[in-house]
Amino acid sequence: MVHAMGDAPRVVSVSLGSRRRDYQGMLRLLDRVVRIERQGCDGDVEEAERRIAALDGNADAIGLGGLDVYLYIAGDRYVVADGERLMRAATRTPVVDGSGLKATLEPAAIRWLAAHGPFPLEAAPVLMVSALDRYGMAVALEAAGGRVVYGDLMFGAGIPYPITSLEDLRRIARKLAREITRLPVRLLYPTGQAQEQPSQERFPEQYAQADVIAGDFHLIRRYLPARLDGKAIVTNTTTRADRDDLAARGVRWLCTTTPIVDGRSLGTNALEAAMLAVLGRQPQTVGPEDFESLLRALDYRPEVLDLAGAAGGSG
Amino acid sequence: MVAADAMQGVLERFAERFNASPDLARMTQGWDRTLRIVALDAGWVHGLRVEAGRAAWVAAPDPSQAEIALQGDADTLAAIFRGELSPTEPYLDGTLLVRSSEEDMMKLDVFTLMVWGE
């Protein structure tokens, strides 16, 4: 519920995802309250472009969800063509895709889980459904001692090739990323109605072998097997319905890297936009050290939910 | 314009390079497909068969036997299989027409980049 708060910055996350996942609410960051809302565009890139243009100058910051604009992999930056086009739709209000914050936030979440989490990461078999969009998390999981399988080729393209090391991930990224990011986003990632379709098992043995499943929630959800007994999921953008679904499949722990607003964990883009609005700064002036100090000031930790016994309920 | 016999050589060299890659042998397991490659300007038709992780040139396959069809001008098609041009660019600008499932198109893009990428 949005309250009338005259001086509260307004942040809007424009997403290529389903509008059924829209929310609005308030987020407290340090001593400020931010009005935050999501506007899904059901996979329609032109509609997202129109929304961003309409919000330009009418919001304090805009998040861009449902796709990554920038992929940072081992010091290289790759630009998703559709995303870059959307970024250009606003000229006054800053637009961020979450990748700036993600590189700081997600490693911090993994370090916290390694030190304080309710399940072990050291020596744990981990399935990371995609790592090209979360390279920082991938590095942090390996640093925490996880035995990580990266599913970018399996879940992104249906290719039966589990990537089993960061070195192999980097090698494959060097060959593929520059060209693949030029493809239309609908080929790269579930957007719009694809986010609402029932899960269809794909490479279920990879889910079965993992104790921890990490990465983008829409990719995780799209290929979920029927049972995930006792497993932990590390992700974000989950709703109450997602939590119920995971609990019904037997998931024990749900860890979200972003705070929960109106019952769902924020997209990283929305959180990064909220941080920029609070800082009152342009994206190009904010670096990892700024996010790190903000996370320290917030005493940041991921949300950890024990779903045991939650099946059929709504948290 | 690349002639029919030159294109056969291009595809045979592509297949050699494909078959030298242990990655591609693994990645294409279970992906047995015939590509029908049509040069609209030169009038030739060639084929490429991927089976059991190996690729081979084949003479013009019947359209009913090909799961994937690529159509374009001879020079563009040759440039793709020589590794001089990623399939993405001509696909996006309409110079290359691909008829296949979206998933097969994505896989073909990945496999071509794995042969030549970087």
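Points to keep in mind about this one:
- Theoretical ellipticity at 222 nm over chain A - DSSP helices of four or more residues, -39500 (n - 2.57) apiece, nearest 500: -10500 deg cm²/dmol
- Summed over qualifying helices (DSSP H, 4 residues or more, each -39500 (n - 2.57)) and divided by its residue number, chain B shows a 222 nm mean residue ellipticity of -13000 deg cm²/dmol.
- Backbone phi angles across segment A:29-42, fed through the Karplus curve with coefficients 6.51, -1.76 and 1.60 (θ = phi - 60°), yield HN-Hα couplings of 10, 6, 9, 10, 10, 10, 7, 9, 8, 10, 10, x, 10, 6 Hz in residue order; Gly and Pro are listed as x.
- Average accessible area per residue (Å²) across the protein assembly as shown - probe 1.4 Å, nucleic acids and ligands excluded: 41 Å²
- Paramagnetic label zone (point 7 Å from Cα along Cα-to-C-beta, A:V79; backbone N under 20 Å) in segment A:89-112: A:89-103
- Full extension of the chain segment joining A:R174 with A:R50 gains 41.3 nm, where the gain is 0.36 nm per residue of separation less the Cα-Cα distance.
- Based on the Kirkwood approach, the hydrodynamic radius assigned to segment A:1-158 is 17.4 Å, with every pair of different Cα atoms included.
- Nitroxide proxy distance, nm - points 7 Å out along Cα→Cβ at B:D62 and B:A6: 3.2 nm
- Principal-axis analysis of the Cα atoms of chain A puts helix A:288-297 at an angle of about 90° to the longest axis.
- Per-selection Rg to Rh, segment B:4-116 - Cα, Kirkwood hydrodynamic radius: 0.92
- Taking the square roots of five times each eigenvalue of the Cα gyration tensor of segment A:26-81, the equivalent ellipsoid has semi-axes of 24, 19, 10 Å, listed largest first.
- Solvent-free Debye scattering, log10 I(q)/I(0), computed from the Cα coordinates of segment A:175-214 at q = 0.21, 0.24, 0.31 Å⁻¹: -0.90, -0.91, -0.94
- Shielded by partner chains, segment A:146-167 residues - at least 40 Å² of accessible area, 1.4 Å probe, vs chain alone: A:A157, A:I159, A:P160, A:Y161
- For the protein assembly as shown, the alpha-carbon radius of gyration amounts to 1.04 times the rule-of-thumb value 2.2 N^0.38 Å expected for a compact globular protein.
- Rg/Rh ratio calculated on Cα atoms of segment A:211-315 (Kirkwood radius): 1.04
- Chain A: angle of helix A:99-116 to the longest principal axis, Cα-based, in degrees nearest 10: 50 degrees
- Buried area at the B:A interface is about 2100 square angstrom, summed over both chains, from accessible surfaces computed with a 1.4 angstrom probe.
- The protein assembly as shown, accessible surface, carbon-and-sulfur percent (1.4 angstrom probe): 47 percent
- Over all directions, the projected convex hull of the C-alpha atoms in segment B:14-77 averages 4.3 nm² in area.
- Under 28 Å from the Cα of A:K175 - lysines, other chains or at least 8 residues apart: A:K102, B:K107
The values are calculated or read from the model by the stated rules, or taken from the named source; none is laboratory data. Fair warning: this is a prediction, and the values are worked out from it, not measured in the lab. When we count neighbours, we look across all protein chains shown, and the Cβ atoms used for this are built from the backbone with ideal geometry, even at glycine. SASA here: full protein model, heavy atoms, side chains in, ligands and nucleic acids out. Shrake-Rupley method; radii C 1.70, N 1.55, O 1.52, S 1.80 Å.
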